[in-house]
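See below for the structure under consideration.
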Amino acid sequence: MINRIEVSSRISIAQAINVYTIKKNLNKNQLKEIALSLTNPVYQKFTINKPTLISKFTWAIETGFLPGVTDNVANTVKEIIKDQLKIKFVGDEDVFSSQLLLIDGKLEEKDVIKISQGLINPLINRIHFKSQKQYLKDNGMNKIAPQVKLTSANQVDEVNLNISDEELTAIGKSGIKNKDGSSRGPLALDLSYMKAIKKHFDKLGRNPTDIELESIAQTWSEHCHHTIFADPIDEIKDGLFNYYIKRATVEIRERKSRDLCTSVFTDNSGAFKFDKDYIISHKVETHNSPSALDPFGGAITGIVGVNRDTIGFDMGAKPIVNYFGFCFAYPSLKSPLFRDQEKKQPLLSPRRIMDGVVAGVNSGGNCSGIPTPQGFLYFDNKYQGKPLVFVGTMGLLPVKSSAIKKARPGDYVVVIGGRVGQDGIHGATFSSEALSSGSPAGAVQIGDPITQKKLSDAIVKEARDQKLYNSITDNGAGGISCSVAEMAKESNGCLVNLEKVPLKYPGLEPWKVWISESQERMTLAVPKNKWKKFSELMISRDVEATIIGKFNNSGRCVVNYHKKTIMDINMRFLHDGLPVRPMKTVPVKNVFKEPIIPQQKNLNEVLLKMMQRLNVTGFGFISSQYDHEVQANSVIKPLQGEGKINGETSVVRPIFNSSHAVAISQGLYPSYSEINCYQMAGASIDTAIRNLVAAGTNPDKIFLLDNFCWCSSNDPQRLYQLKKAAEACYDFAKIYETPFISGKDSMFNDFKGYDEKGNSIKISVPPTLLISSIGIIEDVFKTVSIDVKFPGDLIYILGETKDELGGSEYFAMNKYVGNNVPKVDGQKNKKLYLDFFKASQKQLISSAISVTRGGLGVALVKTALAGKLGIEISLNKFHGKQTRNDFTLFSESQGRILVTINPKNKKEFEKIMKENAIKEIGKVTNNQRLIINGLDNKKVVDLNLKEIEKAYKSTFKDY
Amino acid sequence: MIKPKVLILSGYGLNCEDETKYAFELAGGQGQIVHINDLIKNKRLLDDFQIMAIPGGFAYGDDTGSGNAYGLKLRNHLWENISKFVTKDKLVIGICNGFQVLVNLGLVPALNKKYGERQVALLPNESTRYTTGWFDFKVISDTPWLAGIKEISLPIAHGEGKFFANKEVLNEINKKNLVVLKYSNINPTGTLENIAGITDESKRIFGLMPHPERAMFFTQLPNWPLLKEKLLRDGEKFPKFGPGLQIFKNGVNYFK
């Protein structure tokens, strides 16, 4: 029997009515007790199996989830009922949550449909509506239990590979064929891979089963294996990763007298030694494709997923900081795109994607109790087809808890956390493809941060230090097919009994159980003699833990299903059997039109306009909804100074009784990519490092992470750009001696679909490289903030300013790209950063802000607004080469820091900095004005701070 | 001198237990984090403690209303022990999510000693959005927890902190001076009468929305770099601690 409890507010009729549908036989008293426990008597009332009635409404709209979509509220309600009534849910008894709106107003059915569309995402939500008349006639809404009903269970199919190349290609592209002719979804295996698989099974004298082929596809996917970075490219036999990224780290570590790296590239996160007792890890992931389909779900599973890269790092690190970066199309953009020619599958609008992604990271971070101080927004309409959603997590691990992961033969294969459902099938292979109408909706997932929080606490606060397991890893892309097979490398083999895997609902085919990406799960190797203690601990923490098999040293990955072997693959073939695909690049040099921008005597309006640009403006609405104080580690917050201005760098102090702090930041310049990817990468690295240095970080203790989000990575010109960017990564990491500790790539951020007129269209993201930086500040009190502090303080610009505006925000504002992209002089900058560090260690720096996108003009505004004090400077005679006021003000020349100092420190500061290009340019004033005198010392900007602040904070005012 | 013992609850999404424990220990107490399921297994453990703290967090993801599910679990399994605890000369503090739990459990305001009766509620913020930031508060009535404090700056971080009570309850709470903490100038959540913290009639049970444990160090203050620069120029030393620590000291000192 299906019961329906509706809980409504007594004090606000505008609020949605919470509906709890309970599929279970319950008597009147039980139902009443449940309803009471779901209702706050202070302001709510309830109905049981009766409709909520209010005096005035015309339509009833109910929204809920589609069958199988994670329903966190329902799970909590089920827990409440079980605890309250001491009863169990068996078979298909279950709880479902939904929300009912009773709305008033003269609305036609078509209006209601339109309103409904704004309330839901059809990929995850269901919606029902009734007119008032119908609602009253039917005695309310229908009782619906949205359950997954599957009939195809137990089926294991053989996949015949003795077919033509065309047919092999088709299977690789669209997936294994079902009996009804439909395809199961992308395997992302090209013909060379399909042929290698065919050859392998030919030798065995049999065809693969569906689960075997799916498993190989997961393991060999670009998403998991990073073949584009691994395979030979032009003359580079070792591939880009080994030759540029990894080699830089290896060589830096060899040379550096005190190598602090503890884990690079091999584990779930990169890590370095923080002090004698602690290790800090960092990892940055992307969740682009899922966020394009369901922004909230994609973003929350992204952030909660990268948290698991921390929990699964080493023997389990505690997530202590979350980090984000979002690249969107302009939220105002209104040119709809469709996945299909019939225009039945619209892409979500940029604004909805933005709102959903922002909310997803909010929910994931806040619910998990992990502070999210640091992040950035970047806008370009080339992100309309696929947004980029970067999510990162820093972790903390005591040195004494660290150990080498080693699943041993005989250890149990144990999965803990959430259950497996149909959600997230083909996530790994899907994200290795361009987004199109064939993209599987099943790839959509919703996160459940509380299930993961319970798991995380049980592991990193208890099981880890009781040494109850030998190895641990995250279930991310490819689900257990990847995590178990990966961990089985440690022991060299495994046997899994797939029927033991706990499912959300019955009827899931074995191949789906194996590759499902259902969230909040980890895989562990638990020794037999520790199982009892481990299991008891998990039960007491309400974390489901299940033995699903055993690790062995058979050299094979074997999966049984109800005692029948359905997968038996040689470990070496599974991991290393994929053929090498050498790539060739074709050099590309784009030349853009040189901008023609009339010179203006007064730049007031130009500066105000600049401060409103999406890529410059304040995003306080995000900073003030992402908790950055939890865990009590905040030192430099996302909004700095009395004026609450977004800085480039955040600082945390993770250990309460240590003076050490950690600073994190990033650099990203996709607007330079089409001009010169080498300089783009150089600028990104220089910025990521400089941002940390300006906050007082020791330049000798900085580590980098790379995230390449490329497009059309089968195009030789795109590959050339990739190669140049990777080359720059090597060159600049070497100069600054900042090792890469972790990286990730996402190579096909393209959208193929249709525009409003049904014309086919391809939108690719600009080649995007995110360099994330993390570094150590040994004495937290020597941290430097961006806000100017006292009138009379002297202002300096450190570094050279040139007319380098190619790809700049100023050119973009004038609708140009230009060509003269900033060129990084690493050696000069390095010297500057080391000397700056000396000055900051002597506490000679009152404030410092790194000059980045939008140039000096933006930096001046931000430092003044943050300190709520005026500034007067002159652009006259900077180091470098300047030709025009506007170019000087908005040049994005790298290697520059804007500094204020106490006049008393002038001599000492200048002495320390004497071998660098530094120039005193003006003073902090008492008059609440920003005054900039031009190259000829005539006033070009004279603005009241209030006016500038209004502009700077206007763009996202209503967000 | 024996250090007062503080039990800090954890589990199911509470997440500020570590820093709350640290704050109590800095203040001179002896903290122990106890998972709710361990306390249910060993109910008499509570008797060993002088202070019970329900820290901030996101218990059960705020599903069915913040603090509701965790409150129900405490009520179902530990009510006898908790009601015994609160009638003795002991202290209870609920911070943020902990305050929401206290309200649902009916430990505050518990007018007319009706412990267990829900009398007030903490509703979703007026903005319907999770809000975080530093604000100024004023102490308007006494409780051992706020002894010696008149004004204090603390950070908040919550989605449901809008205090609500019906007129009669509100009048009685005001009459009995149970509202102890209010926002001074800005009211970021639309909370009724700027209310940010209340107590029961004994004044020993204290629930508040802001997080004092996030203000225990000087370097947690939003303007500490400015304060530091000023002290530096005045030739003075930097303080180590922040204003929030006093609340934990007050709790610990109650037993000295």
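The values are calculated or read from the model by the stated rules, or taken from the named source; none is laboratory data. In this text the structure is predicted, and so the values were computed from the model without any measurement. Please note: Cβ atoms are built from the backbone with ideal geometry, for glycine as well, and neighbour counts cover all protein chains shown.
Pairs linking a residue in the stretch B:18-46 that is among the polar types (S, T, N, Q) to a residue that is assigned to a helix (DSSP H, G or I), with Cβ atoms under 7 Å and 6 or more positions apart or on different chains, are B:20/B:213; B:37/A:540. Here the stretch B:35-52 is the region considered, the condition is being surrounded by 20 or more Cβ atoms within 10 Å (Cβ to Cβ) and within 14 Å of another protein chain (Cβ to nearest Cβ), and the residue that is farthest from residue A:449 (Cα to Cα) is B:39. Only residues that are farther than 19 Å from residue B:171 by Cβ and in a helix (DSSP H, G or I): list them for the stretch B:193-223, please. Result: B:212, B:213, B:214, B:215, B:218, B:219, B:220. Where helices (runs of 4 or more DSSP H) fall wholly inside the stretch A:132-247, the ranges with 1 or more residues that are of a type in the set (D, E, K, R) and under 28 Å from residue A:66 (Cβ atoms) are A:132-137, A:165-174, A:210-220. Among the residues making up the stretch B:97-119, those that are part of a loop (DSSP other than H, G, I, E, B) and either buried (at least 24 other Cβ atoms within 10 Å of the Cβ) or among the small types (Gly, Ala, Ser) (or both) are B:106, B:107, B:108, B:109, B:110, B:116.
A quick yes/no check of all residues on (1) out of contact with any strand residue (DSSP E or B) (no Cβ under 9 Å at 6 or more places or on another chain); (2) assigned to a loop (DSSP other than H, G, I, E, B):
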{"site": "A:655", "(1), (2)": "no, yes"}
{"site": "A:662", "(1), (2)": "no, no"}
{"site": "A:684", "(1), (2)": "no, no"}
{"site": "A:691", "(1), (2)": "no, no"}
{"site": "A:703", "(1), (2)": "no, no"}
{"site": "A:717", "(1), (2)": "yes, no"}
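Restricting to the stretch B:61-76, name every residue that is free of Cβ contacts under 8 Å to residues at least 40 places away in the same chain and at the interface with another protein chain (Cβ under 9 Å from one of its Cβ atoms). B:63, B:64, B:68, B:72, B:76 - these are the residues of the stretch B:61-76 that are free of Cβ contacts under 8 Å to residues at least 40 places away in the same chain and at the interface with another protein chain (Cβ under 9 Å from one of its Cβ atoms).
What about residue A:307, is it part of a helix (DSSP H, G or I) and at pLDDT 95 or above? Judged against the criteria, residue A:307 is a match.
Within this structure, residue A:859 passes the test of being without any contact (Cβ under 8 Å) to a residue 60 or more places away in the chain, closer than 30 Å to residue A:670 by Cα and not polar (S, T, N, Q). Selection of the stretch A:19-50 for residues being assigned to a strand (DSSP E or B), of a type in the set (D, E, K, R) and more than 14 Å from every other protein chain (Cβ to nearest Cβ) yields only A:23.
So is residue A:316 at pLDDT 95 or above, touching a Cys at 6+ places or on another chain (Cβ under 8 Å) and not acidic (Asp, Glu) or not?
no
Taken together, A:676, A:714, A:698 contain a single residue that is more than 23 Å from the chain's Cα centre (by Cα), at pLDDT 95 or above, away from chain B (no Cβ under 14 Å) and surrounded by fewer than 23 Cβ atoms within 10 Å (Cβ to Cβ), which is A:698.
Considering every residue within the stretch A:475-484, establish whether at least one is within 14 Å of another protein chain (Cβ to nearest Cβ), touching a residue at least 40 places away in the same chain (Cβ under 8 Å) and buried (at least 23 other Cβ atoms within 10 Å of the Cβ). No, every residue in the stretch A:475-484 fails to be within 14 Å of another protein chain (Cβ to nearest Cβ), touching a residue at least 40 places away in the same chain (Cβ under 8 Å) and buried (at least 23 other Cβ atoms within 10 Å of the Cβ). Taken as a whole, the condition of being surrounded by 20 or more Cβ atoms within 10 Å (Cβ to Cβ) and either within 14 Å of chain B (Cβ to nearest Cβ) or farther than 22 Å from residue A:863 by Cα (or both) does not apply to residue A:798.
Do we find that residue A:104 is touching a Phe, Trp or Tyr at 6+ places or on another chain (Cβ under 9 Å), at pLDDT below 95 and under 28 Å from residue B:77 (Cα atoms) in this structure? So residue A:104 fails the test. Of A:775, A:807, all but one fail to be over 24 Å from the mean Cα position of the chain (by Cα) and more than 14 Å from every other protein chain (Cβ to nearest Cβ); the exception is A:807.
On the given criteria, is residue A:898 surrounded by fewer than 23 Cβ atoms within 10 Å (Cβ to Cβ) and either out of contact with any strand residue (DSSP E or B) (no Cβ under 9 Å at 6 or more places or on another chain) or under 23 Å from residue A:784 (Cβ atoms) (or both)? In short, no.
The rows are residues; the columns are (1) under 13 Å from the mean Cα position of the chain (by Cα); (2) facing chain A (nearest Cβ under 10 Å); (3) not basic (Lys, Arg).
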{"residue": "B:186", "(1), (2), (3)": "no, no, yes"}
{"residue": "B:192", "(1), (2), (3)": "no, no, yes"}
{"residue": "B:205", "(1), (2), (3)": "yes, no, yes"}
{"residue": "B:209", "(1), (2), (3)": "yes, no, yes"}
{"residue": "B:224", "(1), (2), (3)": "no, yes, yes"}
{"residue": "B:234", "(1), (2), (3)": "no, no, yes"}
{"residue": "B:238", "(1), (2), (3)": "no, yes, yes"}
{"residue": "B:254", "(1), (2), (3)": "no, no, yes"}
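Within the stretch A:381-414, the set of residues being in contact with a strand residue (DSSP E or B) (Cβ under 7 Å, 6 or more places away or on another chain) and under 30 Å from residue A:808 (Cβ atoms) comprises A:382, A:383, A:384, A:385, A:386, A:387, A:388, A:389, A:390, A:391, A:392. Taking the options A:378, A:330, name whichever one is farther than 28 Å from residue A:468 by Cβ and in a strand (DSSP E or B). From the options A:378, A:330, the qualifying one is A:378.
Screening B:17, B:80, B:25 for residues that are surrounded by fewer than 24 Cβ atoms within 10 Å (Cβ to Cβ) and facing chain A (nearest Cβ under 10 Å) leaves exactly one candidate, B:25. For the stretch A:655-670, a residue qualifies if it is buried (at least 24 other Cβ atoms within 10 Å of the Cβ) and of a type in the set (S, T, N, Q), and the qualifying residues are A:665, A:666. Within the stretch A:921-937, the only residue that satisfies the criterion of being of a type in the set (A, V, I, L, M) and out of contact with any strand residue (DSSP E or B) (no Cβ under 8 Å at 6 or more places or on another chain) is A:935.
Suppose the filter is surrounded by fewer than 21 Cβ atoms within 10 Å (Cβ to Cβ), in a strand (DSSP E or B) and touching a residue at least 60 places away in the same chain (Cβ under 8 Å); does residue A:734 pass it? It is false that residue A:734 is surrounded by fewer than 21 Cβ atoms within 10 Å (Cβ to Cβ), in a strand (DSSP E or B) and touching a residue at least 60 places away in the same chain (Cβ under 8 Å). With respect to the conditions (1) in contact with a strand residue (DSSP E or B) (Cβ under 7 Å, 6 or more places away or on another chain); (2) crowded, with 18+ Cβ neighbours inside 10 Å, residue A:568 lacks only one, and its number is (2).
When residue A:635 is tested against (1) part of a strand (DSSP E or B); (2) more than 14 Å from chain B (Cβ to nearest Cβ), just one condition goes unmet, and that condition is (2). Only residues that are of a type outside the set (Lys, Arg) and in a loop (DSSP other than H, G, I, E, B) were counted across the stretch B:143-192, and they come to 19.
Given the criterion touching a strand residue (DSSP E or B) at 6+ places or on another chain (Cβ under 7 Å), in the same structural domain as residue A:377 (by TED's automatic domain parsing), surrounded by fewer than 24 Cβ atoms within 10 Å (Cβ to Cβ) and of a type in the set (Val, Ile, Thr), identify the matching residue among A:320, A:311.
Details: A:311 fails: surrounded by fewer than 24 Cβ atoms within 10 Å (Cβ to Cβ).
Of the residues listed, the single one that is touching a strand residue (DSSP E or B) at 6+ places or on another chain (Cβ under 7 Å), in the same structural domain as residue A:377 (by TED's automatic domain parsing), surrounded by fewer than 24 Cβ atoms within 10 Å (Cβ to Cβ) and of a type in the set (Val, Ile, Thr) is A:320.
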